[in-house]
1. With a cut-off of 8 Å between alpha carbons and a minimum separation of six or more residues, what is the relative contact order of the chain in percent?
2. Using DSSP to define loop residues, name the chymotrypsin sites (Phe, Trp or Tyr not before Pro) in region 117-167 whose beta-carbon has at most 13 other beta-carbon atoms within 10 Å.
3. Which value, in debye to the nearest 20, describes the size of the charge dipole of the chain about its Cα centre when Lys and Arg Cβ atoms bear +1, Asp and Glu Cβ atoms bear -1, and nothing else is charged?
4. Regarding the chain, what's the average projected area of the Cα-atom convex hull, expressed in nm²?
5. If amide hydrogens are placed 1.01 Å from N in the peptide plane, which non-local residues have theirs closer than 5 Å to the one on PHE4?
6. Test of understanding: extend the Cα→C-beta vector of VAL136 to 7 Å, then name every residue of region 95-121 with backbone N under 14 Å from that spot.
7. How many angstrom lie between the Cα centre of region 45-101 and the Cα centre of region 108-143?
8. What shape does region 38-83 have by the C-alpha gyration tensor, where a ≥ b ≥ c are the square roots of the eigenvalues, rounded means a/c under 1.5, and otherwise prolate means a/b greater than b/c and oblate the rest?
Amino acid sequence: MDFFTAGDEFTEQIRNDHSMDYVRAEIVTKIRNDDPDHFLGGYSVMKLEGWPRLLSDATDVLSLGWTGTAKNRASGGKFGTSTATFLGSYGYKFKVISRDSKTGKAKIGIQIDNNTTITSFTRLPGPAKEYIEKYVGNPLTSIADAFDLPLRTKHQTVHWEEEVNLR
């Protein structure tokens with residue numbers, strides 16, 4: 001298990017990634033609606049970005065990060081980070097630490113929990129998805145985990161605190 005906090009390169013890359021714009025907007029909506037039972041959610045690459053993101057990530061991996069680095073520089077860190085490519089889709093939870101009604105701001109703690117596996121790397125959309133997961137991804141993940149190989153399941157927990165504007 002890898003645990004990252006504010007200031008770590010991994011944390012700062014995901015914190016600045018474009019996916020967090022979506023997550024922050026979702027969190028702000030949940031706080032505004034005062035729905036304490038729904039202080040968790042997820043970011044789905046396929047739901048929100050689709051095939052173009054998968055192709056972009058594959059290009060980044062095949063170019064050993066060169067295309068991702070170029071996108072990262074051109075976007076000021078919003079796109080192309082190796083962290084975002086590694087995480088892909090992820091789940092998050094958050095808590096409200098404090099809320100200031102005068103300024104309309106809230107201090108929140110965000111935690112991302114994610115497992116990266118061979119199965120998640122080989123997970124492709126479409127009709128072959130279940131077949132590939134069952135006969136390729138899952139068996140390879142099981143072997144890597146059983147023999148503690150380099151591509152074994154990696155769990156990442158990322159936690160930081162920040163302020164959001166509720167207005």
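1. This gives 28 percent for the chain.
2. PHE147
3. Numbers: 21 positive and 22 negative charges, 92 e Å.
So the magnitude is around 440 debye.
4. If you wrap the Cα atoms of the chain in a convex hull and average its projections, you get 11.1 nm².
5. Those lying under 5 Å, H to H, from PHE4 are THR157, VAL158, HIS159.
6. 118-121, by backbone N distance to the label point.
7. 17
8. Working: a/c = 2.55, a/b = 1.66, b/c = 1.54.
Taking the square roots of the gyration eigenvalues as a ≥ b ≥ c, region 38-83 is prolate.
The values are calculated or read from the model by the stated rules, or taken from the named source; none is laboratory data. Note that this is a predicted model, so its numbers are computed, not measured. Note that each Cβ is placed from the backbone with ideal geometry, even for glycine, and that neighbours are counted across all protein chains shown. Please note that ligands, DNA and RNA were not included when accessible areas were found on the heavy atoms of the full protein model with its side chains. Shrake-Rupley method; radii C 1.70, N 1.55, O 1.52, S 1.80 Å.
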